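Before any comments, here is the structure.
None of the figures in this text is laboratory data; all of them are computed from the coordinates on show. Being a predicted model, the structure only gives us computed values, none of them experimental. Every residue, glycine as well, gets a Cβ built from its backbone with ideal geometry; the counts of neighbours run over all protein chains shown.
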Amino acid sequence: MIGLALAALAALAYLGARETSVFAIRTIEVEGASPMLARQVRAALQPLDGESLLKLHADDVSRLATALPRIESASYDRSFPNTLRVRVEAEQPLAVLRRGNEWWLVSRRGRVMARLTPRRSAVLPRIWVTKQIDVALGRTLAEGGGSEELAALFPLRAAGFRRGVETVRIATGQVVYVLRGGLELRVGTLDDLPLKLAVARQILKQTAVTGYLDVSVPERPVIAGSNSQVSTGG
């Protein structure tokens, strides 16, 4: 009986605390973001100010934080009595989307992170889309609207090409990278892309190539506009 009474009292105390301001959120701390982005996250989470830490839902924190185009995910801890600690994962930029004279920063997940001033983040590879393609802050690139080109950029870092590619384009399923300096690297379809990039890197280390390098058939790479073929040891 005593145990039941204590449990009942504890439950009543918990319910009472939920409905009072004892554990109301008064401070929001943000981790995992730059100072500027942390300020934006705190501003986005202001609707939670004054809400009890005991009534807080993870979905509310995630929904408010990830509404920011630069935030990929968010988690939190309660620091009683009045502090909400939020840890965020920022979107990772991968490319610059060009639509006419518009420049957009796009994340690895294909999310449009920000609109850029011309030539900012020029070090990132560019993806060109027509003016008919709808581009909006916070949205994800759709099929036929740059998502395929973005997928073609994923293996570049591991292959050592990420900073060497200026533009990627796909026409009728054929992928072409334009390297800085103007060389075209033609890889055909996205099949076996890591292998094709490895073959291309090996050739470019050994040979001064102008024009284009075609590794769409990695066992029989073709240099420039001639019929010259390079042995890859296979």
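Which far-off residues, 5 or more places away or on another chain, put their amide H under 5 Å from the one on Arg126, with H placed in the peptide plane?
Amide H neighbours of Arg126, under 5 Å, 5+ apart: Val96, Thr167, Val168.
For Cα Rg over 2.2 N^0.38 Å, one of [x] 1.10; [y] 1.16; [z] 1.47 was computed from the structure I shared and the rest are decoys. Which label?
Looking at Cα Rg over 2.2 N^0.38 Å for this model, the match is [z].
Return the long-range amide H neighbours of Ser73 (sequence gap of 5 or more, or a different chain), with a cut-off of under 5 Å between placed amide H atoms.
Excluding prolines and chain starts, which carry no amide H, the hits are Glu89.
Could you run the Debye sum over the Cα atoms of segment 129-169, one equal point scatterer each and no solvent, and tell me log10 of I(q)/I(0) at q = 0.14, 0.22 Å⁻¹, two decimals?
-0.38, -0.78
Assign unit charges at the C-beta atoms only (+1 for Lys and Arg, -1 for Asp and Glu), then state the dipole size of segment 40-104 relative to its Cα centre in Debye, rounded to the nearest 20.
Charge dipole of segment 40-104: 120 debye, to the nearest 20.
In sequence order, what are the phi-derived ³J(HN,Hα) couplings for segment 193-210 according to the Karplus relation 6.51 cos²θ - 1.76 cosθ + 1.60 with θ = phi - 60°, rounded to whole Hz, with x for glycine and proline?
4, x, 5, 4, 5, 5, 5, 4, 5, 4, 5, 5, 6, 9, 9, 7, 9, 10
Which residues does the label zone of Arg157 cover in segment 94-108, counting backbone N under 18 Å from a point 7 Å along Cα→Cβ?
94-97, 105-108
Calculated FRET efficiency, Val123 and Ala67, Cβ-Cβ r, R0 30 Å, to nearest 0.05?
Calculated transfer efficiency: 0.60.
Which parts of segment 175-207 would a label at Ala224 reach, counting a residue when its backbone N lies under 15 Å from a point 7 Å out along Cα-to-Cβ?
183-184, 204, 207
Under a cut-off of 26 Å between alpha-carbon atoms, report the lysines in cross-link reach of Lys196, not counting same-chain residues fewer than 8 places apart.
Straight-distance partners of Lys196: Lys205.
Amide H of Ala114: which non-local residues (sequence gap of 5 or more, or other chain) have their own amide H closer than 5 Å, using H built in the peptide plane?
Long-range HN contacts for Ala114: Leu105.
Between Asp59 and Asn101, what's the calculated FRET efficiency when r is the beta-carbon distance and R0 is 35 Å? Round to 0.05. It would help to have the intermediate numbers written out before the result.
Working: r = 39 Å, r/R0 = 1.12.
In this case the efficiency is close to 0.35.
Between Arg169 and Asp49, what FRET efficiency comes out of the Förster formula 1/(1 + (r/R0)^6) with R0 = 45 Å and r the beta carbon distance, rounded to 0.05?
Taking R0 as 45 Å, the efficiency between Asp49 and Arg169 is 0.45.
As a test of the formula, what do you get for the chain when each DSSP H run with n ≥ 4 contributes -39,500 (n - 2.57) and the sum is divided by the residue count, at 222 nm and rounded to the nearest 500 deg cm²/dmol?
Calculated from helices alone, the mean residue ellipticity at 222 nm is -8000 deg cm²/dmol.
Distance in nm between label sites at Ala24 and Gln132, each 7 Å beyond Cα in the beta-carbon direction?
Calculated label separation equals 5.6 nm.
Quote the Stokes-Einstein diffusion coefficient, in whole µm² s⁻¹, for segment 128-205, based on the Kirkwood radius over alpha carbon pairs, a temperature of 20 °C and a viscosity of 1.002 mPa s. Don't skip to the end; give the middle numbers.
On the way: Rh = 13.3 Å.
Calculated translational D: 161 µm²/s.
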